[in-house]
Every structure is written in structure tokens, then in C-alpha cells.
Amino acid sequence: MAKKEHIVVGLDIGTTKICAIVAQVTPDEGVNIIGVGSSPSRGLRKGIVVNIDSTVESIKKAVEEAELMAAVQINSVYIGIAGSHIASQTVKGVVALKRNEVFRGDVLRAVETAKASAVVPPDRQVLHVLPREFIVDDQEGIQEPVGISGARLEVDVHIVTGAIPPAKNLMKCVNRAGLDVVGIVLQPLASSEAVLTDEEKGLGIAMVDLGGGTTDLAIFSDGTICHSAVLPVGGQHITTDLQIGLRTSLADAEEIKVRYGSALVSMVKETEVVEVPSVGGRPPHPMSRREIAEIIQPRVEEIFELVLREIYRSGYEGKLAAGVVITGGTSMLEGMPDAAELVLDLPGRRGVPYNVGGLLDIVRNPMFSTGVGLILQAYRTDHEFEFVGGSKKAGSGLGGVFGRMKSWVLNLF
């Protein structure tokens, strides 16, 4: 093969589905998607593993499908993590500049000082340490401080933590599926990488990833992440509401939601009627799409009201000039961007992965945002790839931030 390549795999382990995305990364062409695999997720609840054997089988099916499409052997992956156990905090670190100029070592010292000042209980572990801005003496808003003269360096850091047991269980499932974990990434951070533009991050934007069991939020301002949260409610709750309201099975409720559901009653004509399957051998019964929407809309409004509450809690409610981007499988429900705009009072759009090549027509779907984002996060954060010409093994030779993640992952055991 003329060009050196590297195979990178993102594994999105969600509550309702598991997706494996395989990308070929080259220095000249960037990220090209070459394989996609998906499988229903059977062993998670609200983003947390509750059945290891079922989760392992679902992972294997998704990975095998991706391997067949990409014609590669997958040995290691980047995985996303979410769940209600995720928490974040913003802390500051300050150091004196010994040589009246900022050097790389000073930046690392400042970040470590900030990390040391964070309150992290013994049953939790730091997942991400994300510098937001640097201040040299009284000069604020600095993104790259190296080389700037001054006597004092201050850093504002966003720290994400997670409970150790859920991370261990996630790791255990991936390992039992025969895979190594190269890095663990916060899911909303990964999704943001796939669907947001630099301009949106600069203006200020909220990214809402609507999954099956959780809703993930990431807020950006001035080009950096300012706040992140994982809310324990998602598309599965809408399906359960339909199951009860329509008196049908969970599988039929999910199909009706996808095919006929709407997030807003006002978008549905009163004359449209749907045949709803019954349970216990009873004949199906007719129900208007408007009645179905009347069941869905209150739950959708509740989800976005929780997002709005979290935005206010962050203090960035007046700084989101670019509005809101919704993504994830549940965002595909008809009327979801309109519902987001209505509740959040922000301009909204549905986000799909972009800025990748290869099988773009397949992955340009909100349900693949996290999987693609895991790959982009690895590529953009760490450009020091060890490209191995002709290599067909995934996930070898990455350093930098993901190398540090791998050290943390290994320390879990």
C-alpha cells in the first residue's frame, strides 16, 4: 500500500444500541469511514451495564458486522461513557513563572495544580481534564499561553469525573468481547466533535445528545467546553409511555414511535389513523396519530425542560448565540428540533456527523454521532499517530492524551 494508514475504531455502547465505526486514518486524507456495525443493546439501563453477558454478545455482533464491512481485524477500540454517575466541575490552578515567560512545563504544572484542587471522592475517577482558558498576569482569554511573557499563569479547567464501578463493568464487557480499550471518552464530548462546527463553539452552543437511556449535554463558549452533564432520561421513556398509553407491546410501541410519532401535536393532522397491535391475541385497534403525539409531547417537553434547567445551572443561558444542536437516535423523531426550539427558546438544528470521508452516506445519521465522534476525538486531539503501512490491526500506537487515558483504564484493575 502506497500510503501509510492507521485503523481506528469507535465503539458506542448505548442503552438501546451498540455501534462500531471503523475508520482508516491517513496523514493526507484524514478520516475515512470504511466499516459500520450495529446491534441492539440488551444489557444496559440508563447508560450503565446491568447484564454483562448480554452486553458482551451485543458488542461481539456489532464488531463482527463492522469487521466484515471493513475487511479488517478489530483488536482494540475507543469507547464512550455516559450514565447518571457522570459529574463535572470547573476549577482553577495558579503557578508562578520562574523565567518570566510561559513554557510548556508551566502549562502542565498549572493544569496539575487545578486537578489537585478538584474535589474527587475516593469512589470516583477523573475522566477528562479540559483546559478552558489561560490567564497570564491580567491578560484573559488566552488559548495557547506558551511563549507569552508574564509572572503568573492561571488556568480555568473543566474536570469530568465518573464512578469507578460503572467504568469497570464497561471495561469488563469490552475485554470479554476480546477487545482492548485504548481510551474512554465522555459521550457528549465525542458527539460534539462529530456534529458541531468551530464557529458554533466560538459563538456559544448547547449540544444535546438524545439517546435511548440518557440525554447528554455539552455547552461550549469561546471555542471550549464550559459545562457537561448526563441526564437519566431518554427515548426509552417515550417508548414506555407509548406502551402504556397504547396498550401494546414494547417492540410495537418502539416501531410506532419511529414510524408515526411526532414530538409536537401541532405537526400532526387529525385525520391520520394508525392500526395499533394489541396484546394477548386481541385484534389491533385504530388510533389517530394526533393521540399518539399527545402521549409523546409531554415526555419530550420534560426532557428539554431538564436540559433547560441544566443550562441555567451552568450559568450560560444568555451566552448561547449559536443556539442548540440535537443529535442521537431519539433526535430523529419528527418535530424534535422544533420542540427543542420551543422549550429552550433557542434556534435549533438536528446534527449529523460531518468532516469525514468514506462511507459518509451511511454515517450521516444522528445515531452514529458518538461512534464517529470517538474517532474524530482521537484524531484531532492526538495527531502523533504511528501510521503502520498496510496494518490491519485496529488501535495500535496512539500516544498523547489517549495514552494517559489508557494508563487510567489499566489502573482500574
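The values are calculated or read from the model by the stated rules, or taken from the named source; none is laboratory data. Remember, predicted model here, so these are calculated numbers, not experimental data. Because the Cβ atoms are built from the backbone with ideal geometry, glycine has one as well, and the counts that use them run over all protein chains shown. These area figures cover heavy atoms from the full protein model, side chains too; ligands, DNA and RNA do not enter into them. Shrake-Rupley method; radii C 1.70, N 1.55, O 1.52, S 1.80 Å.
Things worth noting here:
- Among beta bridges that DSSP assigns inside the chain, antiparallel share in %, nearest 5: 75 percent
- Within segment 27-81, GluC sites (Glu not before Pro) in DSSP loop having at most 16 other beta-carbon neighbours inside 10 Å: Glu29
- Ellipsoid semi-axes in whole angstrom, largest first, where each is sqrt(5λ) of the Cα gyration tensor of segment 1-109: 36, 25, 9
- Centroid-to-centroid separation of segment 202-218 and segment 53-110 [C-alpha atoms, Å]: 18 Å
- Rounded to the nearest 10 Å², the accessible area of Met171 at probe 1.4 Å: 10 Å²
- Dipole magnitude (debye, nearest 20) for the chain, charges at Cβ of Lys, Arg, Asp, Glu: 1200 debye
- Surface accessible to a 1.4 Å probe, per residue, for the residues of segment 1-146, Å²: 46 Å²
- Residue pairs, from the table Lys115/Lys319; Lys98/Lys201; Lys92/Lys319; Lys46/Lys168, whose Cα atoms sit over 28 Å apart: Lys98/Lys201
- Beyond 15 Å, the tail of the calculated P(r) for segment 30-88 holds 59 percent of the Cα pairs.
- Axis angle, to the nearest 10 degrees, between helix 164-176 and the longest C-alpha principal axis of the chain: 80 degrees.
- The charge dipole of segment 113-243, taken about its Cα centre with unit charges on the Cβ of Lys, Arg, Asp and Glu (plus for the first two, minus for the last two), comes to roughly 840 debye.
- Annotation: Lys172 carries an accessible surface of approximately 70 Å², with a 1.4 Å probe and no ligand, DNA or RNA atoms counted.
- Farthest positive-ward along the chain dipole, Cα basis, beta-carbon charges - from Gly147, Gly235, Val63: Val63
- Packing-based ranking, highest mean first, of 159-166, 271-278, 115-122 given that Cβ atoms within 10 Å are counted: 159-166, 271-278, 115-122
- Take the Cα of Glu64, step 7 Å toward its Cβ, do the same at Ile362, and the gap between the two points is 1.7 nm.
- Segment 225-290 - charge dipole about Cα centre, Lys and Arg +1 at Cβ, Asp and Glu -1, debye rounded to 20: 100 debye
- Cα-based Rg of segment 83-131 normalised by 2.2 N^0.38 Å, two decimals: 1.38
- Going by accessible surface with a 1.4 Å probe and the largest first, Asp123, Asp137 read Asp123, Asp137.
- Rg then Dmax, both in Å and based on the Cα atoms of segment 234-380: 17.5, 55.
- Largest-first principal axis extents of the Cα set of segment 172-283 (Å): 55, 43, 19
- Positive end of the dipole of segment 247-349 (Cβ unit charges, origin at the Cα centre): among Met332, Met267, Gly280, the Cα lying farthest that way belongs to Gly280.
- Rg followed by Dmax, in Å, when segment 63-157 is reduced to its Cα trace: 19.1, 57
- Rg and Dmax of segment 146-218, both derived from C-alpha coordinates alone, stand at 17.3, 52 Å.
- Taking max minus min of the alpha-carbon positions on each principal axis, the chain gives extents of 81, 50, 42 Å, largest first.
- ³J(HN,Hα) computed for each position of segment 336-346 - Karplus, 6.51 cos²θ - 1.76 cosθ + 1.60, integer Hz, glycine/proline x: 4, x, 5, 5, 4, 4, 5, 7, 8, 6, 9
- Chymotrypsin sites (Phe, Trp or Tyr not before Pro) restricted to segment 306-358 and DSSP loop, no more than 11 other C-beta within 10 Å: none
- Springs join every pair of Cα atoms under 10 Å in this Gaussian network model of the chain, and among Leu346, Leu186, Leu108 the largest mean-square fluctuation is at Leu108.
- Sulfur and carbon atoms: percent of accessible area, the chain [1.4 Å]: 50 percent
- Hz values of 3J(HN,Hα) by residue in segment 95-106 - Karplus curve (6.51, -1.76, 1.60), Gly and Pro given as x: 9, 7, 8, 6, 10, 6, 7, 7, 10, 4, x, 5
- Asp338-Ile52 pseudo-label distance in nm [points 7 Å out on the Cα-to-Cβ vector]: 4.8 nm
- Over the chain: helical MRE at 222 nm, DSSP H runs n ≥ 4 each giving -39500 (n - 2.57), nearest 500: -11000 deg cm²/dmol
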